[in-house]
1. Given the options Gly149, Gly92, name the one that is modelled with pLDDT under 95 and touching a Phe, Trp or Tyr at 6+ places or on another chain (Cβ under 6 Å).
2. Please work out if His207 is surrounded by 16 or more Cβ atoms within 10 Å (Cβ to Cβ), modelled with pLDDT under 90 and more than 14 Å from the chain's Cα centre (by Cα).
3. For the range 169-202, how many residues are touching a His at 6+ places or on another chain (Cβ under 9 Å) and at pLDDT 95 or above?
4. Which members of the range 120-148 meet the condition of being more than 13 Å from Ala219 (Cβ to Cβ), under 19 Å from the mean Cα position of the chain (by Cα) and not charged (D, E, K, R)?
5. Restricting to the range 158-204, give me the number of residues that are assigned to a strand (DSSP E or B) and either touching a residue at least 60 places away in the same chain (Cβ under 8 Å) or among the hydroxyl-bearing types (Ser, Thr, Tyr) (or both).
6. Would you check if there is a residue in the range 46-59 being assigned to a helix (DSSP H, G or I), under 22 Å from Val192 (Cβ atoms), of a type in the set (A, V, I, L, M, F, W, C) and touching a residue at least 60 places away in the same chain (Cβ under 8 Å)?
7. Exactly one of these conditions fails for Pro29: (1) in contact with a Pro (Cβ under 7 Å, 6 or more places away or on another chain); (2) surrounded by 14 or more Cβ atoms within 10 Å (Cβ to Cβ). Give me its number.
8. Check every one of the strands (runs of 3 or more DSSP E) wholly within the range 61-154 and list those with 1 or more residues that are without any contact (Cβ under 8 Å) to a residue 60 or more places away in the chain and hydrophobic (A, V, I, L, M, F, W, C).
Amino acid sequence: MATNAPAQILLHVQPAEYRSRLGTARQSPYDARVASGLTPTTDKTFYQIQESMPNGQRMSTAAEELAGQLYEEIRGNDPREAAFFDNLFGRGPARKHMWQWTSTGLRVPAGLEAPKSYNEVIDGKVHEVYHFIVLEGDKEVGEALVPIGNGQILTSWNEVHGIPRTTTDENLPYHEHTTHWYVNLTPLVDPVSGKRDVAVERRSDWHYDGHGRCLYVYADDARSDSAWDDGFRPVQGSLVLPSFEKIAKSMT
């Protein structure tokens, strides 16, 4: 990495499995050497960042960002206070609340204008979920049933892909949750990919009870969008992609 890049830390991505009516996705464990902070990319799109990456360097995935969050939570720490996410909360050198690109994206299946919705029973409760294809960079790496997200509180994770598994619209007190979820269920066709894609990003924002900022996972913006306060986390080394075993019968 460049000499002015943030310091590196070793991130342990734990083995994970995600099961749904679509099939089973598995992530093998691996170590990634990641930057401790974000690199600003003012007014650059996902594609421009991807094309400008030097050899041996890539953008972090949504699952790698989640691994950093779970590292804190497993130890009883509030991830909103973790140095790993300083840039999202305006605690970095630039003192601005950055939006973070990841290499992960969601794609509406071909031929559809919006993902199909299903009711899925998870832990004894019926959840409304939406069928997306999961992207890493330009590669389709699996499928996922994504919960509704209009700022809902995230209650469990699909750790393989770093996106929510379940959410709730309960108005939980600030200290009882850390993360919210947004997803665009009617994305426009991306002019670069020619598909209905959205980027999976991270940021912080005010919780609606006004007590402070929470982490937000966003799948709302096109990868061809850009903003003045964007950034990404550089990673050295190859990505270990998840495997996906699809169920033969079609969903109903």
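1. So the residue among Gly149, Gly92 that is modelled with pLDDT under 95 and touching a Phe, Trp or Tyr at 6+ places or on another chain (Cβ under 6 Å) is Gly149.
2. Against the criterion (surrounded by 16 or more Cβ atoms within 10 Å (Cβ to Cβ), modelled with pLDDT under 90 and more than 14 Å from the chain's Cα centre (by Cα)), His207 qualifies.
3. Summing the residues that are touching a His at 6+ places or on another chain (Cβ under 9 Å) and at pLDDT 95 or above in the range 169-202 gives 1.
4. Val129, His131, Gly137, Val141, Gly142, Leu145
5. Result for the range 158-204: 17.
6. Yes; the residues of the range 46-59 include at least one that is assigned to a helix (DSSP H, G or I), under 22 Å from Val192 (Cβ atoms), of a type in the set (A, V, I, L, M, F, W, C) and touching a residue at least 60 places away in the same chain (Cβ under 8 Å).
7. Tallying (1) in contact with a Pro (Cβ under 7 Å, 6 or more places away or on another chain); (2) surrounded by 14 or more Cβ atoms within 10 Å (Cβ to Cβ), Pro29 fails exactly one: (2).
8. 117-122, 125-136
The values are calculated or read from the model by the stated rules, or taken from the named source; none is laboratory data. It should be emphasised that the depicted structure is a prediction, and the values quoted were computed from it without experimental measurement. Because the Cβ atoms are built from the backbone with ideal geometry, glycine has one as well, and the counts that use them run over all protein chains shown.
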